[in-house]
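Engineer: One structure coming up, written as structure tokens, with questions to follow.
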Amino acid sequence: MRPRRYSDAGQAFPIYITVVAGLLFLAFAYVAVGQAAVNRSGAQTAADAAALAAAQDTRDQLAGKWVENVLDPTKWQEIFDGKVAGLVDSCGRAGQLAGQNDAHVPGAGCQWEPGLPPGYEVAVESDEPVGDSIVPGTESTYSKAHATAVIEPLCTFQLPGAGAGDDVLPKLTCKNNKDWDLDPTDLTDLPGPEDLFDVHLAD
């Protein structure tokens, strides 16, 4: 009798099954990586929005303080530096924006940073986990991200010299190419928050 010979197709079939199984595993792995990337991206968007919202809320408060003290330019620099009493903590605003982006600010995840420039550092955690995948533990893994937004003054000024009188206010020289000559007898046209301060994410 002649020995039985296996066909090439029969020999290749197990290899084919192995290759297909490997490709399927890689495909599921890429899906898992994509899920995690999307989740992290969403968390970072929430962190950026939350930090900017908190900083913008405080910027508006600082601009209001400046208007209140417009006739006392000796207080202007402290206001521009964010070193003024009576500001309401804006972390609640950060939490609102995080919530609108499917995330939350845990515990002490929002902090006022009183440096120069001052701002807010915000950490968030996604509300939804990465999701089920072939990677163990992703069904209970939540993405985290943080961002810092700062409040930078746009204007500079020089206090009037001695003997200038109380009816003279400093000229505001601003980076937006607009200067403000303030008349203490006519304060109907004052710079707004966006004229006085710039809010942006820290590098």
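The values are calculated or read from the model by the stated rules, or taken from the named source; none is laboratory data. Everything quoted here is computed from the prediction, not taken from an experiment. Every residue, glycine as well, gets a Cβ built from its backbone with ideal geometry; the counts of neighbours run over all protein chains shown.
Yes/no per residue for (1) more than 16 Å from Val150 (Cβ to Cβ); (2) touching a helix residue (DSSP H, G or I) at 6+ places or on another chain (Cβ under 9 Å); (3) free of Cβ contacts under 8 Å to residues at least 40 places away in the same chain; (4) surrounded by fewer than 20 Cβ atoms within 10 Å (Cβ to Cβ):
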position	(1), (2), (3), (4)
Asp60	no, yes, no, yes
Val70	yes, yes, no, yes
Asp81	no, no, no, yes
Gly92	yes, yes, yes, yes
Gly99	yes, yes, yes, yes
Asp102	yes, yes, no, yes
Pro106	yes, no, yes, yes
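Engineer: Since Ser140 meets every condition but one in (1) modelled with pLDDT under 90; (2) surrounded by 14 or more Cβ atoms within 10 Å (Cβ to Cβ); (3) among the polar types (S, T, N, Q), which condition does it not meet?
Structural biologist: So the condition that Ser140 fails would be (2).
Engineer: Let me ask something else. Working only within region 42-80, note down all residues that are among the basic types (Lys, Arg) and under 27 Å from the mean Cα position of the chain (by Cα). Spell out how you get there, then give the answer.
Structural biologist: Narrowing region 42-80 to residues among the basic types (Lys, Arg): 59, 65, 75.
Of everything in region 42-80, those that are among the basic types (Lys, Arg) and under 27 Å from the mean Cα position of the chain (by Cα) turn out to be Arg59, Lys65.
Engineer: Same structure, new question: Going by the structure shown, is Val19 of a type outside the set (S, T, N, Q), over 30 Å from Val122 (Cα atoms), modelled with pLDDT of 55 or more and not in a helix (DSSP H, G or I)? Spell out how you get there, then give the answer.
Structural biologist: Values: of a type outside the set (S, T, N, Q): yes; over 30 Å from Val122 (Cα atoms): yes; modelled with pLDDT of 55 or more: yes; not in a helix (DSSP H, G or I): no.
So Val19 does not fit the description; no.
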